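Student: Take a look at this one; I'll ask things after.
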Amino acid sequence: MLSRLTLAALCISAAFAADTRFEISYAASAKTGPITGRAFIMISRDVQREPRLEIGRVGVPFFGRDFEKLAPGQSAVIDAADLGTPVESIAQIPAGEYYVQAFINVYSEFKRADGHTVWMHDDQWEGQRWTRSPGNLYSTPKKIALDAAKGYGIKLVCDQIVPPVEMPKDTDYVKRFRIESPMLTKFWGRPIYLGATVLLPRDYEKTAISYPVLYSQGHFSTGSPLGFQSGRQGDIYPDWVKDGFPRMIAVTFQHPTPYFDDSYAVNSVNVGPYGDAILQELIPEVEKRFRIIRQPWARLLDGGSTGGWESLALQVFHPDFFGGVWSYCPDSVDFSDVEGINVYQDKNAFYKEIEWRREPTINSREVNGQVRQTSEQRNHFELVNGTHGRSGEQIDIWSAVFGPLGEDGYFEPLFDKQTGVMNPKVGQYWKEHYDLRYYMEKNWYALGPKLQGKLHVSVGDADNFFLNNGVHAMQNWMLTTKDPHYEGFFVYGAMRGHCYQGPGTMADRLREMAEFVMGKMPPETVAQWWGR
C-alpha cells in the first residue's frame, strides 16, 4: 500500500517531473570521482548567507536525492518527486526569483568488522555538519526565476570545495589532542578518531599538584570547556583565574561518528564500541598527559541535553569509575516520551490516537506552549538530510545508538520515516538496552548502593523538547526505591526551557562540585588543589 506522502509525490511528479528539474554535476577540477553521496538543492529568498548555511529545523527549503558512482560532468537529478522540507516538492515553490545553490555530500565506503559494508559521510572533524564538511562540494549561489507551472530544467555545477577545518590554537590554559582509536577503527574499517580539549587551572605549570577532573559532556566542539574565554554570558574565565576558586581540570571529548557529531558514549551494534573506547583509550590518555587524581571520588561528570544523557549514562553504567554527575536537561531518560513519542504505547510516531480523533504528535514547543514543529515535520527534515539514518540529526542518532542492527547494515528503524508507523520490537530493544530509568530499576539491588549521593539532575519544566517528562518519570520511580532508598537530587525550573541547568551560575556549580569532592576524599587527604 502506498503512503500518503508517496501518493502525493507521485501526483506532483506526474504533473511536473518531465520538465521541472535540477541537474547537479561537479567539476573534475574539484574532485576526480566517481562519487557516491547525496545531492541537494537549496532555495532562498536572499543571500545574506549562502543558502547551504540557512538549512535548519525552521530554515530555507531544500531537497535531496542519493546517487552512486557519479563521474565528473554526469548529473544527479532532483525533480518534483523528491522530498523536500519545509516545502515537500520543488513543484510547490511559488513562482518568483530565488537564490539557488547546489551541494554534494560525499559518502565513503565503510567495510565494517561485522561484515556489513555501508556508505556514510566520513567526519572531517567538523562534527557531521555536511553543509560545512571539508571536501564536500557546492556551487556559487545563482539568482534564478522559478515557475513550476511553466517548467524548467536548470543545470548547476559544484566547483567549490569546503576547506579544511581550522583548529583553534592552544593557550596556557587550553590544550587539545586527537588520537586514532584502535577499537573504533577496527569496527568501522577505516580510521576513526577521538579527541579531548583540556582546560587547566591557574598556575598548573608552576606546581606539581594533581587535580580533580570534570568530564564535561556535550555535542562536538573544539572550543574551550565551560565556555572559557568565550566572552559570552556565563563565561567561567573571571572566576577560574581568581584567588580562592577551587582548582580543577575540565575536559570535553570529541567523538564524532559516521552517524552524528557525538556517539552518546556507549557501545552500540550500529555505532560501535564508543563506550569502551572512551573509558579504555581516551580517558587513560587524558589522565596520562595531565596531572589528574586517578580516583573515582575525583572524577566528576556534567553535561546538558545530549551531554546530559551521556553524563548520566556514564555514571549509571560505570558507577565505580565516576564519583558524581550533574546532568542538565538530559535527552530522554525514560522512553515513554522521546520528543513527544511514547516508544512503548504509540502506534504511530506522527499522531496520537485519542478515541475517535487523531492528533499530530508535537516534537518541540516554545516555552509558552506554542508548537514549534510536529514529529512528522521533524522526521521529514531528517529524511531530506539523509536516508538510512545519514541525516546527522537527533532522532537518527538515537535510532542508531539505541536500536538493533538492520539487515542492510544500517540501523533497524523505530518507525517508518515517511508514514510514522512504529515497530514495537525495536521499541522493546531500546527499552532493554538504553532506557536509563528502566536500567536502574532492573539493576537497583547492585546499582543503588553505588549511586547513592551521586545523581544531580536539573531540567526546565517547559523544556522545548519535553525532556522534563522523562526526568519526572525517573524521579517518581526513585521516590519508591528500597534497599537502598535513594531519591536523587532533582531541580525543576518553572517556565524554563531547554537547557535549564539549575539555579546559580556555572561558577556556583563548580564550587558545589569541589565541596562534593572534599566530602568524598579519603581521610587525611590534603586538598592542595583548592584555590589559594
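Student: Can you tell me how many residues in segment 396-431 are basic (Lys, Arg), more than 19 Å from residue 352 (Cα to Cα) and free of Cβ contacts under 8 Å to residues at least 40 places away in the same chain?
Tutor: Total satisfying the criteria: 1.
Student: Out of all the residues in segment 492-502, is one or more in contact with a Gly (Cβ under 6 Å, 6 or more places away or on another chain) and assigned to a strand (DSSP E or B)?
Tutor: Looking through segment 492-502, at least one residue is in contact with a Gly (Cβ under 6 Å, 6 or more places away or on another chain) and assigned to a strand (DSSP E or B).
Student: State yes or no: is residue 197 outside any loop (DSSP other than H, G, I, E, B) and either among the hydroxyl-bearing types (Ser, Thr, Tyr) or assigned by TED's automatic domain parsing to the domain that holds residue 397 (or both)?
Tutor: yes
Student: Checking residue 252 against (1) modelled with pLDDT under 95; (2) part of a strand (DSSP E or B), which test does it fail?
Tutor: (1)
Student: Would you check if there is a residue in segment 282-289 being without any contact (Cβ under 8 Å) to a residue 60 or more places away in the chain, crowded, with 18+ Cβ neighbours inside 10 Å and not polar (S, T, N, Q)?
Tutor: no
Student: Can you tell which of 54, 68 is of a type in the set (Asp, Glu), out of contact with any Lys or Arg (no Cβ under 6 Å at 6 or more places or on another chain) and more than 20 Å from residue 377 (Cβ to Cβ)?
Tutor: Just one listed residue meets the conditions, 68.
Student: Which ones in segment 519-530 are touching a residue at least 12 places away in the same chain (Cβ under 8 Å) and under 35 Å from the mean Cα position of the chain (by Cα)?
Tutor: 520, 521, 529, 530, listed by residue number.
Student: Given the criterion outside any strand (DSSP E or B), among the aliphatic types (A, V, I, L, M) and either under 22 Å from the mean Cα position of the chain (by Cα) or not assigned by TED's automatic domain parsing to the domain that holds residue 408 (or both), identify the matching residue among 60, 77, 118, 100.
Tutor: 60
Student: Right, something else. Restricting to segment 369-420, name every residue that is touching a Pro at 6+ places or on another chain (Cβ under 6 Å) and charged (D, E, K, R).
Tutor: 412
Student: How do the helices (runs of 4 or more DSSP H) wholly within segment 380-464 filter down when requiring 2 or more residues that are crowded, with 22+ Cβ neighbours inside 10 Å and out of contact with any Ser or Thr (no Cβ under 6 Å at 6 or more places or on another chain): which remain?
Tutor: Because the criterion is at least 2 residues that are crowded, with 22+ Cβ neighbours inside 10 Å and out of contact with any Ser or Thr (no Cβ under 6 Å at 6 or more places or on another chain), the helices (runs of 4 or more DSSP H) in segment 380-464 that meet it are 394-402, 424-434, 436-442.
Student: Would you mind finding the one in 484, 523 that is in a loop (DSSP other than H, G, I, E, B) and over 26 Å from residue 440 (Cβ atoms)?
Tutor: 523
Student: Do we find that residue 204 is aromatic (Phe, Trp, Tyr), over 30 Å from residue 114 (Cα atoms) and in contact (Cβ under 8 Å) with a residue 40 or more places away in the chain in this structure?
Tutor: Answer is yes for this residue.
Student: Still on this model: With the structure loaded, tell me whether residue 190 is at pLDDT 95 or above, more than 30 Å from residue 521 (Cβ to Cβ) and in a strand (DSSP E or B) or whether it fails that test.
Tutor: No; evaluated as a whole, the condition is false for this residue.
Student: Okay, next question. If residue 488 passes every condition in (1) more than 19 Å from residue 216 (Cβ to Cβ); (2) loosely packed, with under 13 Cβ neighbours inside 10 Å but one, which one does it miss?
Tutor: Going through the list (1) more than 19 Å from residue 216 (Cβ to Cβ); (2) loosely packed, with under 13 Cβ neighbours inside 10 Å, residue 488 breaks only (2).
Student: Regarding residue 213, is this residue more than 23 Å from residue 517 (Cα to Cα) and either surrounded by 13 or more Cβ atoms within 10 Å (Cβ to Cβ) or in contact with a helix residue (DSSP H, G or I) (Cβ under 8 Å, 6 or more places away or on another chain) (or both)?
Tutor: no
Student: So, residue 393, is that one out of contact with any Gly (no Cβ under 7 Å at 6 or more places or on another chain) and farther than 30 Å from residue 480 by Cβ or not?
Tutor: Here the answer is yes, as residue 393 does meet what is asked.
Student: Another question, then. From the list 359, 355, which residue is over 25 Å from residue 112 (Cβ atoms), surrounded by fewer than 20 Cβ atoms within 10 Å (Cβ to Cβ) and at pLDDT below 95?
Tutor: 355
Student: Let me ask something additional. It is to be established whether one or more residues within segment 304-311 are assigned to a helix (DSSP H, G or I) and more than 18 Å from residue 465 (Cα to Cα).
Tutor: Yes, there is a match, as at least one residue in segment 304-311 is assigned to a helix (DSSP H, G or I) and more than 18 Å from residue 465 (Cα to Cα).
Student: A follow-up question, please. Do the conditions hold for residue 333, that is, is it among the β-branched types (Val, Ile, Thr), buried (at least 24 other Cβ atoms within 10 Å of the Cβ), in contact with a Leu (Cβ under 7 Å, 6 or more places away or on another chain) and not in a loop (DSSP other than H, G, I, E, B)?
Tutor: So residue 333 does not fit the description; no.
Student: Using the structure shown, decide if residue 88 is surrounded by fewer than 22 Cβ atoms within 10 Å (Cβ to Cβ) and either under 24 Å from the mean Cα position of the chain (by Cα) or not in a loop (DSSP other than H, G, I, E, B) (or both).
Tutor: no
Student: Does at least one position in segment 132-139 carry a residue that is within 30 Å of residue 271 (Cβ to Cβ), modelled with pLDDT of 95 or more, of a type outside the set (Ser, Thr, Tyr) and not assigned by TED's automatic domain parsing to the domain that holds residue 31?
Tutor: No - not one qualifying residue is present in segment 132-139.
Student: From the list 242, 155, 175, exactly one residue is assigned by TED's automatic domain parsing to the domain that holds residue 97 and either modelled with pLDDT of 95 or more or not aliphatic (A, V, I, L, M) (or both). Which is it?
Tutor: The match here is 155.
Student: Which one is nearest to residue 431 (Cα to Cα), of the residues in segment 373-403 that are under 16 Å from the mean Cα position of the chain (by Cα) and of a type in the set (A, V, I, L, M)?
Tutor: That would be 401.
The values are calculated or read from the model by the stated rules, or taken from the named source; none is laboratory data. Predicted model, so just to flag it, every value in this text is computed and none were measured. Cβ sites come from the backbone with ideal geometry, for glycine too, and all protein chains shown count toward neighbours.
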